[in-house]
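The values are calculated or read from the model by the stated rules, or taken from the named source; none is laboratory data. Quick caveat, the model's predicted, so the values are computed rather than measured. So basically every Cβ, Gly included, is an ideal-geometry build from the backbone, and we count neighbours across all protein chains shown. Accessible surface areas use protein heavy atoms only, side chains included; no ligands, DNA or RNA. Shrake-Rupley method; radii C 1.70, N 1.55, O 1.52, S 1.80 Å.
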Amino acid sequence: MPFMRKNLAASVVFYLVAFFLLLLSCIANPARARSSAYEAALPAELKTAKNMCALVACTEVFPGAKSFSERMGQPPYVEAYGAPIAGKKNLLGYVMLSTDITDTPAYSGKPVVTLMGMDLKGRFVGIKVLKHSEPILLLGIPESALLNFNKQYLGKSVTDKIEVGQSRPDEGVLGVDAISGATVTVIVQNQVMMTSGMAIARQTGIVAPTVREAAKYLVTGRRLTWAELVKQGSVQRLLVKPEQVGLEKNVVPFIELWFGDLNHPDVGISLLGENSFNNLRSQLKPDEHALFIIRTDGIESFKGSGFVRGGMYDRIQVKQDADSYTFRDLDYLNLYGIVADGAPTYNESAIFIIRSKAFSNAYPWKLSFLGNRVDRATGTRSFASFDAKYWLADALLQGGRPVVEEAAAPYVRIWKSRAIEIGLFCLLLIVVSIAYAYREKLTRMSTHKNKWPVNIFKYSAWILSITFVGFGVMAQPSITQVLTWFHSLLFQWTWSLFLTDPFIFVFWIFIIITVFLFGRGLFCGWMCPFGSMSEAIYKVGEKIGLKRFQTHLPQAVHDKLKWLKYAIFFGLLAVSMFSMGLAEKLAEVEPFKTTFLVGITNRAWPYGLFVALILGISLFIERPYCKYICPLGAALAMPSTFRWFGLKRKQDCNSCKACAVGCGSLAIDKAGRIDHRECLHCLDCMVLYTDVKGCPPLSKERKRRDREGLEIKAIGKDGYFIPIYPIPATPASEAIKAGLDPRMPTDPVKPTYKTNATGLRWIILEIVDHVWPWNAKSWSSQRGLQIAGVALAIAASLAWILTAIGQLSSAAIIAWWFGWSVYEVLIRLSGKRYVKDGPWWQDNYRYASVMDMISYVSFKNLLIGAALFLSLKTLGLLIV
Ligand code: SF4
Ligand code: SF4
């Protein structure tokens, strides 16, 4: 048997090495493993170049077009021309770039850059994805799937109601087929194409603008001061800071504008005075609207230095839903003064006229300032639009503001369209949580020979997690999500990014809560689709006669090999700091995408082989992937160090070790202690804990009582028979009652600094302990480390300050964070070698293993880093 175990260990290592070689060969062979549009390098000038079609192949999305105009309009588009007819231009339609119109992010958090052609009737004639960052389309789903998805739009009009899913003729909905495994991407893509198409169709007159009911004013005749106008919302501010356009941070804004409606008599008269207002009104036709803009501060002009007579004011625009209005010189009037009391001084001003029946100031609108943003890292320029909303107050309109139905964000549509499945998924998670919360009752009902009271729930959870969660709604969590969350927590939290996949979102809420309550075991042991499949295969192997070949690696080998998954996790984390794209590729070490999202048969053979190997080995070794490779398991194991509720142990567990023999996760060490990072909550040891025939000390006591004719009482909470006669309390039994279990994962430690501290003093000492890693012991014995620490602390502080003034890149900040955390782990190990066991508000300290300390420091510093970034951003000191 030892020979066989060694062989198996060698096989596991061999296959791992083989996989990495194959993976590398795939990564190095873009033609096979990489879709051509993934993170494709687009010309830096693409966003701004007048001659867009010189940079991208517009002919590919407009077959038959012979030439193209320069970019025109706002949002921009180009005209596509056929061969001239009688020497005149022959307009065939329009070509647009999706990111000129909307930057809605897809699943990766970045937009899918799409070039589209549309004929004069608003029908799509060509679609080409120029660039995307979707991991699922990287090595998983072939690019042809996206091409086929896009082809479904050809011939369809922007006026059609196109939705991803089934057609619903009675509601006039035209369905397009989703890409299996990339639903979120295609729902967003659908939204982007329809929004872009409609914006250009409206601008070019293919689709008539929406006619909105004109405002009916409620006029009081009151003259309002500037402050009152601001308070009422009749005057709004649009502020752009230099750092928002890639310039050095400065107290002087890039531009500060104030603007407002001039048609409402109360507002107009308050701002202009009665004569000027009447004069203005006399110049306006019935469907025309006037607004004023003043610049009160800034280094930039809103009129623009490049403005020429007859030209367009290309820095200012008004938007109302999908309609946008730009201004030419004929739409401009001088603003001679603002009479409202308390009005600020200004150095640039204008009155602009909107000449359209479609515009109504009863409805909300936005003023857009179009700035030229420079990427300081690459020097590339791009247009950025900064908006400020405007809507006349209720009190200024008869009957108040009309009801406006805001177009739902893509994620809202996704949640609505999958409401039933989401509901069922939530129900599943709730039922599993409740069953687990009653684990003690279930394990008491079970014995080592009959574990069905536990297994009925666990096996049902496995079946549903594999079929419904894994293959059905494809909600297998992945390490790439952890990396994304990590980066988002530190730099930019975007709710819409996480809400785009409702199942993953809900699943992560479940995972975060249960990891802190119980450790990763509930998710990994009961609900992870791949983990469940892996263990289910092992159980099937047992039933079909392979039991005699089933084994586990020798504990010594296991104890070394289990660190591999942490190394993979930290490796991915480190790579993600420099290149998220590369980290996503390397995250192919997870077999999840191949198994659930894409399917073994749909991928290149190395991926299929990898999954087959893992699942094949799972027949003989319980959960080899979970124990040794899974970076997600490692990421969840680290916070499991601080789970609030552990599994029960009694004094005899230290010497008996019967449950260690049966622990499939090899999570029980020589001293009978459970490593909660490795425990997958099979609950076998909990079954034994109260099993009067399976647990050796209980069995011995039961037999003794049988022999001596004594009463056999139930098993108490301490895992022993309730004594026939009360027995005196011992320090150990008192400690167990108080929740301080002497059989914690490591020995209890009592740091003296907090003895008898309560209330505010306790809180202060607690905070100091977390932020100050040194103590007298480490200070005196580790002089070299101290100096290094102080130097590091100074460097880290400098890094924060440089970041705050926009001088240091985010990668450098994370590198500092990483370096500091490593130092903190070392210094704490030399002086403050303890961590808390259980809830943080209790003082159950225990000796910290290296992994305990790494888990504690990395988790704590992540939270501190996130809080620091958030505060700096809230205070406006940080732009990342
Ligand atoms: S270790 Fe990984 S694969 Fe295994 S159950 Fe946990 S997350 Fe799933
Ligand atoms: S037997 Fe092992 S894996 Fe199962 S609950 Fe106990 S310690 Fe965890």
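Numbers below:
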item: Descending semi-axes in Å of region 210-291, equivalent ellipsoid built from Cα gyration tensor; result: 30, 16, 12
item: Prolate/oblate/rounded call for region 527-655, Cα gyration tensor, a/c under 1.5 rounded; result: oblate
item: P(r) histogram, all alpha-carbon pairs of region 154-294 included - 10 Å bins from 0, percent; result: 9, 22, 20, 23, 20, 6, 0
item: Prolate/oblate/rounded label for region 451-606 (Cα gyration tensor, a/c 1.5); result: prolate
item: Rough spin-label spacing in nm, given labels placed 7 Å along Cα→Cβ, for D718 and D170; result: 6.9
item: Pairs beyond 28 Å (Cα-Cα), from K47/K285; K648/K703; K458/K693; K441/K650; K128/K249; K650/K750; result: K47/K285; K128/K249
item: Residues F468 and K285, FRET efficiency given R0 of 51 Å [Cβ-Cβ distance, rounded to 0.05]; result: 0.25
item: Span from the region 310-371 Cα centroid across to the region 59-98 one, whole angstrom; result: 30
item: Accessible-area order (highest first, 1.4 angstrom probe) of the listed residues V822, V230, V515; result: V822, V230, V515
item: Extension gain (nm, one decimal) between Y847 and K560, 0.36 nm per residue minus Cα-Cα; result: 101.2 nm
item: Exposure rank, largest accessible area first [I504, I854; 1.4 Å]; result: I854, I504
item: Centroid-to-centroid separation of region 672-712 and region 829-844 [C-alpha atoms, Å]; result: 30
item: Gap separating the Cα centres of region 603-651 and region 445-473, nearest whole Å; result: 17
